[in-house]
Amino acid sequence: MVNFVYVSDIFCPWCFGFAPVLRKLQERFGLGVSVMCGNLVDEPLQTSGMGTPRLRAFFRRLSDTTGREIGDAFFRLLSKEHSVLMDSSRSCLLLHALKKLAPGHELEQLESFQEAFYLRGQDVLDFNVQAALAMRWGVESNALADALASGEMRCGARQELAKAEEYLGDFVVYPTLFVQLENGSLSAVARGYGPFEKVVPSVLGVLQGLPDAGQKVESAHACGLDGVCH
(Lines give C-alpha, C1' and ligand atoms only; values in the text may rest on other atoms or scores of the structure.)
Protein backbone atom coordinates (compact mmCIF):
# COMPACT_ATOMS: atom_id res chain seq x y z
CA MET A 1 0.00 0.00 0.00
CA VAL A 2 1.38 3.42 -0.97
CA ASN A 3 1.31 6.01 1.80
CA PHE A 4 3.08 9.00 3.30
CA VAL A 5 5.53 8.51 6.18
CA TYR A 6 5.86 11.70 8.21
CA VAL A 7 8.71 12.26 10.67
CA SER A 8 7.64 15.08 12.95
CA ASP A 9 7.78 16.33 16.53
CA ILE A 10 5.19 18.03 18.73
CA PHE A 11 7.74 20.75 19.52
CA CYS A 12 8.78 21.38 15.90
CA PRO A 13 7.57 24.84 14.80
CA TRP A 14 8.06 24.16 11.08
CA CYS A 15 5.99 21.00 11.50
CA PHE A 16 3.21 23.11 12.98
CA GLY A 17 3.45 25.34 9.92
CA PHE A 18 3.52 22.35 7.55
CA ALA A 19 0.27 20.80 8.85
CA PRO A 20 -2.06 22.51 6.31
CA VAL A 21 0.29 21.56 3.47
CA LEU A 22 0.22 17.92 4.50
CA ARG A 23 -3.57 17.94 4.68
CA LYS A 24 -3.74 19.34 1.14
CA LEU A 25 -1.30 16.66 -0.04
CA GLN A 26 -3.54 14.00 1.49
CA GLU A 27 -6.53 15.40 -0.37
CA ARG A 28 -4.59 15.72 -3.64
CA PHE A 29 -3.17 12.19 -3.64
CA GLY A 30 -5.59 10.24 -1.43
CA LEU A 31 -2.78 8.72 0.63
CA GLY A 32 -2.76 7.81 4.30
CA VAL A 33 -0.12 9.14 6.69
CA SER A 34 2.01 7.10 9.06
CA VAL A 35 3.50 9.37 11.74
CA MET A 36 6.94 8.75 13.22
CA CYS A 37 8.15 10.60 16.32
CA GLY A 38 11.16 12.83 15.82
CA ASN A 39 13.75 13.77 18.43
CA LEU A 40 14.07 17.52 17.94
CA VAL A 41 14.52 18.27 21.66
CA ASP A 42 16.88 15.46 22.57
CA GLU A 43 17.88 17.24 25.79
CA PRO A 44 15.06 18.72 27.94
CA LEU A 45 14.75 22.44 27.38
CA GLN A 46 12.69 25.18 29.03
CA THR A 47 10.68 27.38 26.69
CA SER A 48 12.13 30.45 28.44
CA GLY A 49 15.41 29.53 26.74
CA MET A 50 13.79 30.59 23.46
CA GLY A 51 12.77 34.00 24.77
CA THR A 52 15.58 35.98 23.15
CA PRO A 53 14.72 38.76 20.69
CA ARG A 54 16.33 36.77 17.87
CA LEU A 55 14.17 33.71 18.52
CA ARG A 56 11.01 35.74 18.98
CA ALA A 57 11.71 37.27 15.57
CA PHE A 58 12.31 33.77 14.17
CA PHE A 59 8.85 32.63 15.26
CA ARG A 60 7.31 35.73 13.67
CA ARG A 61 9.12 34.98 10.41
CA LEU A 62 7.91 31.40 10.54
CA SER A 63 4.32 32.61 10.70
CA ASP A 64 4.93 34.91 7.74
CA THR A 65 6.52 32.09 5.73
CA THR A 66 3.95 29.39 6.42
CA GLY A 67 0.86 31.58 6.73
CA ARG A 68 0.06 29.86 10.01
CA GLU A 69 -0.03 32.24 12.94
CA ILE A 70 1.62 31.24 16.19
CA GLY A 71 -0.59 32.20 19.12
CA ASP A 72 0.11 34.96 21.61
CA ALA A 73 -0.31 32.35 24.34
CA PHE A 74 2.80 30.55 23.03
CA PHE A 75 4.86 33.73 23.28
CA ARG A 76 3.93 33.94 26.96
CA LEU A 77 5.70 30.61 27.45
CA LEU A 78 8.94 32.31 26.46
CA SER A 79 9.02 34.24 29.74
CA LYS A 80 10.57 32.73 32.86
CA GLU A 81 7.36 32.97 34.89
CA HIS A 82 5.37 30.95 32.35
CA SER A 83 8.10 28.63 31.10
CA VAL A 84 7.33 24.95 30.50
CA LEU A 85 9.52 21.98 29.65
CA MET A 86 10.07 20.54 26.19
CA ASP A 87 11.31 16.95 25.93
CA SER A 88 10.87 14.93 22.74
CA SER A 89 11.32 11.57 24.44
CA ARG A 90 8.27 12.28 26.62
CA SER A 91 6.18 13.68 23.79
CA CYS A 92 7.03 10.63 21.68
CA LEU A 93 5.92 8.34 24.50
CA LEU A 94 2.61 10.23 24.58
CA LEU A 95 2.02 9.91 20.82
CA HIS A 96 3.12 6.29 20.78
CA ALA A 97 0.67 5.50 23.60
CA LEU A 98 -2.18 7.27 21.83
CA LYS A 99 -1.47 5.34 18.63
CA LYS A 100 -1.94 2.13 20.57
CA LEU A 101 -4.94 3.29 22.60
CA ALA A 102 -6.79 5.01 19.74
CA PRO A 103 -5.38 3.76 16.44
CA GLY A 104 -6.20 5.40 13.14
CA HIS A 105 -5.88 9.00 14.36
CA GLU A 106 -2.12 9.48 14.59
CA LEU A 107 -1.87 12.58 12.37
CA GLU A 108 -4.81 14.22 14.13
CA GLN A 109 -3.22 13.39 17.49
CA LEU A 110 0.11 14.92 16.52
CA GLU A 111 -1.51 18.06 15.14
CA SER A 112 -3.80 18.47 18.14
CA PHE A 113 -0.84 18.65 20.51
CA GLN A 114 1.10 20.94 18.19
CA GLU A 115 -1.89 23.28 18.18
CA ALA A 116 -2.18 23.06 21.97
CA PHE A 117 1.45 24.17 22.24
CA TYR A 118 1.87 26.70 19.42
CA LEU A 119 -1.66 28.15 19.37
CA ARG A 120 -2.92 27.91 22.95
CA GLY A 121 0.37 27.92 24.84
CA GLN A 122 -0.46 24.81 26.82
CA ASP A 123 2.03 22.61 28.64
CA VAL A 124 1.68 19.49 26.51
CA LEU A 125 3.79 17.44 28.95
CA ASP A 126 1.30 18.13 31.74
CA PHE A 127 -0.82 15.03 32.28
CA ASN A 128 -4.04 17.00 32.79
CA VAL A 129 -3.58 18.64 29.38
CA GLN A 130 -2.78 15.28 27.81
CA ALA A 131 -5.77 13.56 29.38
CA ALA A 132 -8.17 16.33 28.31
CA LEU A 133 -7.03 16.07 24.69
CA ALA A 134 -7.01 12.26 24.74
CA MET A 135 -10.74 12.29 25.49
CA ARG A 136 -11.25 13.41 21.88
CA TRP A 137 -10.43 9.86 20.84
CA GLY A 138 -12.29 8.18 23.69
CA VAL A 139 -9.19 7.52 25.79
CA GLU A 140 -9.93 7.63 29.52
CA SER A 141 -7.39 9.28 31.82
CA ASN A 142 -6.69 6.10 33.79
CA ALA A 143 -5.98 4.17 30.58
CA LEU A 144 -3.62 6.91 29.42
CA ALA A 145 -1.83 6.99 32.77
CA ASP A 146 -1.35 3.22 32.72
CA ALA A 147 -0.01 3.35 29.16
CA LEU A 148 2.47 6.13 29.95
CA ALA A 149 3.78 4.15 32.92
CA SER A 150 4.10 0.92 30.96
CA GLY A 151 7.59 -0.42 30.38
CA GLU A 152 6.42 -2.01 27.16
CA MET A 153 5.09 1.34 25.91
CA ARG A 154 8.34 3.10 26.83
CA CYS A 155 10.31 0.47 24.95
CA GLY A 156 8.04 0.87 21.93
CA ALA A 157 8.50 4.67 21.95
CA ARG A 158 12.30 4.30 22.06
CA GLN A 159 12.14 1.90 19.14
CA GLU A 160 10.00 4.36 17.19
CA LEU A 161 12.51 7.16 17.81
CA ALA A 162 15.32 4.89 16.63
CA LYS A 163 13.37 3.92 13.51
CA ALA A 164 12.70 7.58 12.69
CA GLU A 165 16.41 8.36 13.02
CA GLU A 166 17.16 5.44 10.72
CA TYR A 167 14.73 6.81 8.15
CA LEU A 168 16.27 10.28 8.33
CA GLY A 169 19.82 9.01 8.01
CA ASP A 170 22.30 11.85 7.52
CA PHE A 171 19.50 14.38 6.84
CA VAL A 172 18.07 15.01 10.29
CA VAL A 173 15.54 17.67 9.39
CA TYR A 174 12.05 18.22 10.81
CA PRO A 175 9.60 17.86 9.27
CA THR A 176 10.55 15.22 6.71
CA LEU A 177 7.91 13.65 4.51
CA PHE A 178 8.45 10.42 2.60
CA VAL A 179 6.39 8.48 0.12
CA GLN A 180 6.49 4.77 0.89
CA LEU A 181 5.79 2.56 -2.10
CA GLU A 182 4.26 -0.91 -2.06
CA ASN A 183 7.69 -2.51 -2.05
CA GLY A 184 8.48 -0.69 1.19
CA SER A 185 10.96 1.78 -0.29
CA LEU A 186 11.01 5.32 1.08
CA SER A 187 11.58 8.44 -1.00
CA ALA A 188 11.80 11.89 0.56
CA VAL A 189 9.45 14.48 -0.95
CA ALA A 190 9.94 17.27 1.61
CA ARG A 191 12.76 18.04 4.03
CA GLY A 192 11.83 20.97 6.19
CA TYR A 193 8.83 23.19 5.46
CA GLY A 194 7.86 23.40 1.80
CA PRO A 195 4.79 25.03 0.24
CA PHE A 196 2.21 22.78 -1.38
CA GLU A 197 3.07 23.75 -4.95
CA LYS A 198 6.71 22.80 -4.46
CA VAL A 199 6.05 19.46 -2.77
CA VAL A 200 3.50 18.22 -5.32
CA PRO A 201 6.04 17.71 -8.15
CA SER A 202 8.25 15.69 -5.81
CA VAL A 203 5.36 13.42 -4.88
CA LEU A 204 4.34 13.02 -8.51
CA GLY A 205 7.91 12.14 -9.47
CA VAL A 206 8.04 9.34 -6.92
CA LEU A 207 4.60 7.99 -7.81
CA GLN A 208 5.47 8.04 -11.51
CA GLY A 209 8.73 6.20 -10.88
CA LEU A 210 10.98 8.94 -12.23
CA PRO A 211 14.68 8.17 -11.66
CA ASP A 212 16.10 9.66 -8.45
CA ALA A 213 12.83 11.50 -7.79
CA GLY A 214 13.26 11.17 -4.05
CA GLN A 215 16.96 12.05 -4.04
CA LYS A 216 16.73 15.63 -5.29
CA VAL A 217 14.81 17.20 -2.43
CA GLU A 218 16.83 19.94 -0.81
CA SER A 219 16.40 21.00 2.80
CA ALA A 220 14.49 24.26 3.10
CA HIS A 221 13.04 26.32 5.93
CA ALA A 222 14.39 24.00 8.61
CA CYS A 223 15.60 25.58 11.83
CA GLY A 224 16.47 24.28 15.24
CA LEU A 225 15.04 25.70 18.43
CA ASP A 226 18.21 27.76 18.72
CA GLY A 227 17.07 29.71 15.65
CA VAL A 228 19.87 28.40 13.46
CA CYS A 229 18.48 27.70 9.99
CA HIS A 230 19.85 25.39 7.33
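The values are calculated or read from the model by the stated rules, or taken from the named source; none is laboratory data. Computed from a prediction, not measured in an experiment: that's the story for all the values here. Don't worry about glycine lacking a Cβ; one is built from the backbone with ideal geometry, like all the others, and counts go over all protein chains shown.
Before we move on, is S83 farther than 30 Å from S150 by Cβ, in contact with a Ser or Thr (Cβ under 7 Å, 6 or more places away or on another chain) and modelled with pLDDT of 95 or more? In short, no. As for segment 93-112, it holds no residue that is among the hydrophobic types (A, V, I, L, M, F, W, C) and under 20 Å from L55 (Cα atoms). Please work out if Q46 is touching a strand residue (DSSP E or B) at 6+ places or on another chain (Cβ under 8 Å), modelled with pLDDT of 95 or more, surrounded by fewer than 21 Cβ atoms within 10 Å (Cβ to Cβ) and over 17 Å from G121 (Cα atoms). No: the conditions fail for Q46.
Based on this model, can you work out whether F11 counts as in a loop (DSSP other than H, G, I, E, B), touching a residue at least 60 places away in the same chain (Cβ under 8 Å) and of a type in the set (F, W, Y)? Considered against the rule, which asks whether it is in a loop (DSSP other than H, G, I, E, B), touching a residue at least 60 places away in the same chain (Cβ under 8 Å) and of a type in the set (F, W, Y), F11 comes out as yes. So which residues in segment 21-31 are part of a helix (DSSP H, G or I) and free of Cβ contacts under 8 Å to residues at least 12 places away in the same chain, if there are any at all? Of everything in segment 21-31, those that are part of a helix (DSSP H, G or I) and free of Cβ contacts under 8 Å to residues at least 12 places away in the same chain turn out to be R23, E27.
A quick yes/no check of all residues on (1) without any contact (Cβ under 8 Å) to a residue 40 or more places away in the chain; (2) surrounded by 22 or more Cβ atoms within 10 Å (Cβ to Cβ):
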residue	(1), (2)
Q114	no, yes
D146	yes, no
V172	yes, no
L177	no, yes
Q180	no, no
R191	yes, yes
E197	yes, no
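Does any residue of segment 32-42 turn out to be in a helix (DSSP H, G or I), more than 15 Å from the chain's Cα centre (by Cα) and touching a residue at least 24 places away in the same chain (Cβ under 8 Å)? Taking every residue of segment 32-42 in turn, none turns out to be in a helix (DSSP H, G or I), more than 15 Å from the chain's Cα centre (by Cα) and touching a residue at least 24 places away in the same chain (Cβ under 8 Å).
The helices (runs of 4 or more DSSP H) falling completely within segment 121-192 that include 2 or more residues that are under 30 Å from G30 (Cβ atoms) map to 127-134, 151-168.
Only one entry of L119, L94, L107 meets the criterion of being surrounded by 21 or more Cβ atoms within 10 Å (Cβ to Cβ), of a type in the set (A, V, I, L, M) and within 15 Å of the chain's Cα centre (by Cα), and that entry is L94.
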